[in-house]
Amino acid sequence: MVNKDDEQSQKYIATQGPLDRTVVDFWRMVWQEKACAIVMLTKLQEDLRIKCSQYWPSRGSEDYGPFTVTLQKETTSNSFIIRELTLHYNTMMGNLRSKIVNPTGRIDPNKKEYYSSAQSTLLITHYQFIDWLEYGPQPPINSLVKFNKIISNQTEHKKGPIVVHCSTGGGRTGAFIGMSCSIKDALTESIIDIPAVVTIMREQRMMMIQTLDQYMLVHEAVLEQALCGDTQIVACDLQNTISSLSSSDNASVTGFEAQFNVLEQVSVPPQDAVCDVARQHPRKNRYQEILPTDQWRVHLKSESPDYINAVFIPSYKNDKGFIIAQSPLRETRRDFWKMIFDREITTIVMLSPIMEGEEEACAQYWPKEGTIEFGEFTISVREEWGHQSFSRKLLLIRNNKNNMLRRLAHFQVDGWSNDDITSCNEGAIINTMNLVKTLQRKSPNSPILMHCSNMIGRSAVFCAAMATVDQMKSSSVVDVFQTVKNMRVNLPGAVQNKGQYKMIHTLAAAYVNLFSTSANF
């Protein structure tokens, strides 16, 4: 049991990840202590090594000695999974345990006649963070802080301790508990004393926080909370919050301006993006100061060089759910189609016209009629539909090397100027979003490709608005600040100004107002 000095503070139970032979003991402890939640900070397997036995069912119910665990619901996001479990204790089963269980601790299916009808039930929420390896890079701090906030909000008024485990029950477990306690101190007290928190934990369980990186992570998480604050909005309050954030305080700064100013402070500036290969191929970049990051850039398969100015962007449930690319140049059109074919893209969203004023904003990469070839790829237009302020096409792409043929939907939003992105046809954008979401249900594992002239304006706004709508649908809350902050890790400079930042909120609200009763919401 790990907790601070005051008896009113939230108690934690730090433990190792269950082994096959200790799963029943684990559930017995959860039942005995009447735990309200379980926080799991490891995957079942990491680097081909078993880190923890699966102690819950993948679906339905499973028996562990005298306990029956039922999976009621499972919700997945980029960095974590939340499961709603029920734990049933079959009271007579405990007395008959030696007669009816096999060596693994599970009930022998041939001895179900001993199953007792006398039951008690415990409701438990299981939180699993899946983006933190024991031997790997530091997890994304904002995701970990968000994970902690969800747990804190949902367990605030619940009785019983929170069970926390990784594989060993020391390193990641200690870092998480230390972070959670320190953030709580930051919100409720004027003094934060992380060394004291760690000392208290280590007096109660040895080896809590094992490395300098884990100790630094606690500090960085507290700093993240202090700088960024609480930017989450309950979905039903979105419209009222937009009005509130649009008003100025005594310093004549609106809430949106204040949030965006913080966003600028905590984000890596575009000029600091590290992508050596991009700088080696300046002719492939429309703007030399807007480049992808090495970690998240899209690689062209079996190519040398493998560079294209495109980057993976996280959707709400997939860290590679979107691809944002610069609109192709004349000399990069073949690379553009190579990327589409490599990544099995089925939806393209074009957010800039071919010409903007006197400048070419996008090279024509599909035929006006008939077919057109770019390297080994032949492109044709199968069908075309006109809508108010946007158009839709069915394109066919054939790889002449292997004669493979693929279909994809192409959307083009009209009249969205790069000079004033916030002056747009809102209806065209949200109707395009709705059609894209409808088509994407047929190929959920394929990234959605969106492009504009500079990547960080129209494409970033459209992408963030889609992710925000998905978050709202999944969890009934939105956090545009964190959505954009996450996006900027992959694409520095994404969402260029306060107006675009506010626009993401208004697009999400407009989408909900129009489509809240549709299948896409």
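In table form, for the structure just shown:
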{"read-out": "Residue within the stretch 390-412 that is within 30 Å of residue 514 (Cα to Cα) and in a loop (DSSP other than H, G, I, E, B) present", "value": "no"}
{"read-out": "Qualifying positions in the stretch 274-298 - without any contact (Cβ under 8 Å) to a residue 24 or more places away in the chain and in contact with a Phe, Trp or Tyr (Cβ under 8 Å, 6 or more places away or on another chain)", "value": "297"}
{"read-out": "Qualifying residue in the stretch 222-234 (condition: touching a Ser or Thr at 6+ places or on another chain (Cβ under 8 Å) and not assigned by TED's automatic domain parsing to the domain that holds residue 184)", "value": "yes"}
{"read-out": "Residue in the stretch 490-521 that is nearest to residue 324 (Cα to Cα), counting only those that are modelled with pLDDT of 90 or more and of a type in the set (Val, Ile, Thr)", "value": "495"}
{"read-out": "Criterion violated by residue 378 - all others in (1) under 26 Å from residue 510 (Cα atoms); (2) surrounded by fewer than 18 Cβ atoms within 10 Å (Cβ to Cβ); (3) among the β-branched types (Val, Ile, Thr) satisfied", "value": "(1)"}
{"read-out": "From the options 210, 138, residue that is more than 24 Å from the chain's Cα centre (by Cα) and not in a helix (DSSP H, G or I)", "value": "210"}
{"read-out": "Flag if residue 418 is surrounded by 16 or more Cβ atoms within 10 Å (Cβ to Cβ), at pLDDT below 90, assigned to a loop (DSSP other than H, G, I, E, B) and polar (S, T, N, Q)", "value": "yes"}
{"read-out": "Hits in the stretch 421-444 (condition: under 21 Å from residue 310 (Cβ atoms), touching a residue at least 24 places away in the same chain (Cβ under 8 Å), out of contact with any Gly (no Cβ under 7 Å at 6 or more places or on another chain) and assigned to a loop (DSSP other than H, G, I, E, B))", "value": "443"}
{"read-out": "Cross-chain or 6+ apart pairs with Cβ under 9 Å, the stretch 254-273 first and hydroxyl-bearing (Ser, Thr, Tyr), then not in a helix (DSSP H, G or I)", "value": "254/246; 254/247; 254/248; 267/492; 267/493; 267/494"}
{"read-out": "Test set (1) small (Gly, Ala, Ser); (2) touching a helix residue (DSSP H, G or I) at 6+ places or on another chain (Cβ under 9 Å); (3) buried (at least 23 other Cβ atoms within 10 Å of the Cβ) - residue 427 fails condition number", "value": "(3)"}
{"read-out": "Residue 449, sole failed condition from (1) closer than 21 Å to residue 246 by Cα; (2) crowded, with 23+ Cβ neighbours inside 10 Å; (3) within 20 Å of the chain's Cα centre (by Cα)", "value": "(1)"}
{"read-out": "Criterion: crowded, with 17+ Cβ neighbours inside 10 Å and either acidic (Asp, Glu) or not in a helix (DSSP H, G or I) (or both) - qualifying residue of 495, 489, 484, 512", "value": "495"}
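A quick yes/no check of all residues on (1) surrounded by fewer than 18 Cβ atoms within 10 Å (Cβ to Cβ); (2) of a type outside the set (Ser, Thr, Tyr); (3) modelled with pLDDT of 95 or more:
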{"residue": "44", "(1), (2), (3)": "yes, yes, yes"}
{"residue": "49", "(1), (2), (3)": "yes, yes, no"}
{"residue": "85", "(1), (2), (3)": "no, yes, yes"}
{"residue": "95", "(1), (2), (3)": "yes, yes, no"}
{"residue": "102", "(1), (2), (3)": "yes, yes, no"}
{"residue": "105", "(1), (2), (3)": "no, yes, no"}
{"residue": "114", "(1), (2), (3)": "yes, no, no"}
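The values are calculated or read from the model by the stated rules, or taken from the named source; none is laboratory data. As the structure is a prediction and not an experimental result, all values here were calculated from the model. Glycine also receives a Cβ, built like all others from the backbone with ideal geometry; neighbour counts cover every protein chain displayed.
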